[in-house]
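Here's the structure, in structure tokens; my notes come after.
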Amino acid sequence: MTKTGSKGGNLRDKLDGNELDLSLSDLNEVPVKELAALPKATILDLSCNKLTTLPADFCGLTHLVKLDLSKNKLRQLPVDFGRLVNLQHLDLLNNRLVTLPVSFAQLKSLKWLDLKDNPLDPVLAKVAGDCLDEKQCKQCANKVLQHMKAVQVDQERERQRRLEIDREAEKKWEAKQRAKEAQERELRKREKAEEKERRRKEYDALKAAKREQEKKPKKETNQAPKSKSGSRPRKPPPRKHTRSWAVLKLLLLLLLCAAGGLVACRVTELQQQPLCTSVNTIYDNAVRGLRSHDILRWVLQTDSQQ
């Protein structure tokens, strides 16, 4: 027989056939490493300690048949406590438990249970009842297992209901997304068609304008432009040199008349008339004045010689 343990405690081994009895005391936490070295332990006494929690690895002691956790400070059991499927005797007297994990319903081999002196939930406390003798403790185990199975079913049903709600919400969201995507596709399709129609109209308008521009010169050559009132086009205004030519002709006519009058006054018998006398006097004075210039004198001499 060998003994090992932590300070202030002891580990007592009792081998009876295939049974291994471990008793630990004065512990603040479960020595999981030491217990892991004895995975086939069937009886474990952890009563009268200061345990507040059990580590998750504790649920690996699946060979446990009898477990005493009485007179500790446990507030809750591990979530996977139901893995101890071979457990038949469980003492949880005088702890601080309010509820049990749902996995507790998996302890199908449990035949004895003590939950006295725990601040249990009123519903669970009523189901558990008293455990004052062997019969009551067996009834407690049976009723609590049935209750936890019902809780497990209810939770599973609730979980399924929530999953169904989530699935329905997801389906609605997906349907909404599909409708939104279809609407966006339809909108893009309509915008694309409108843009195509707009470009086609612009192209047709440019083509029509080009045809009109090509036809315009032909119309101008074939017919003269009409005025706004529809009357014949007005004649262009007379040119300036036409008016000057008329004035020049008038001056030449006057000169011819003056020359004719002068000739009549000097050659004909009218030279004795008072008017012709004045004209001849003006003519003689003008000739004398012009003879003062050499060129005019030469011209007049040539004229007189002729």
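The values are calculated or read from the model by the stated rules, or taken from the named source; none is laboratory data. Worth saying up front: this structure is predicted, and the values here are computed from it rather than measured. Here Cβ is always computed from backbone atoms with ideal geometry, including for glycine, and neighbour counts include all displayed protein chains. Just so you know, the surface numbers come from the protein's heavy atoms only, side chains and all, with ligands and any DNA or RNA stripped out. Shrake-Rupley method; radii C 1.70, N 1.55, O 1.52, S 1.80 Å.
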- Item | Surrounding net charge for residue 176, when Lys and Arg each add one and Asp and Glu each subtract one, Cβ distance under 13 Å | -1
- At 1.4 Å probe size, with no ligands or nucleic acids counted, give the accessible surface of residue 111 in Å², nearest ten. 120
- May I ask you to derive the FRET efficiency for residue 280 and residue 243 from their Cβ-Cβ distance with R0 = 41 Å, giving the value to the nearest 0.05? 0.70
- Looking at this model, which pairs from 50/108; 40/149; 126/171; 172/201 are more than 32 angstrom apart at the alpha-carbon? 126/171; 172/201
- Query: With each label point set 7 Å from Cα along the Cα-Cβ vector, what nm distance links residue 57 and residue 259?
  - Reply: 15.3
- Can you list the residues of the stretch 155-173 with backbone N under 14 Å from a point 7 Å past the Cα of residue 180, pointing along Cα to Cβ? 170-173
- Message: At 1.4 Å probe size, put 112, 245 in order of accessible surface, largest to smallest.
- Response: 245, 112
- Inter-label distance, nm, simple model (7 Å from Cα along the C-beta direction), residue 203/residue 75: 7.9
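So what's the stretch 69-112 giving for Cα Rg divided by 2.2 N^0.38 Å, two decimals?
After normalising by residue count via 2.2 N^0.38 Å, the value is 1.11.
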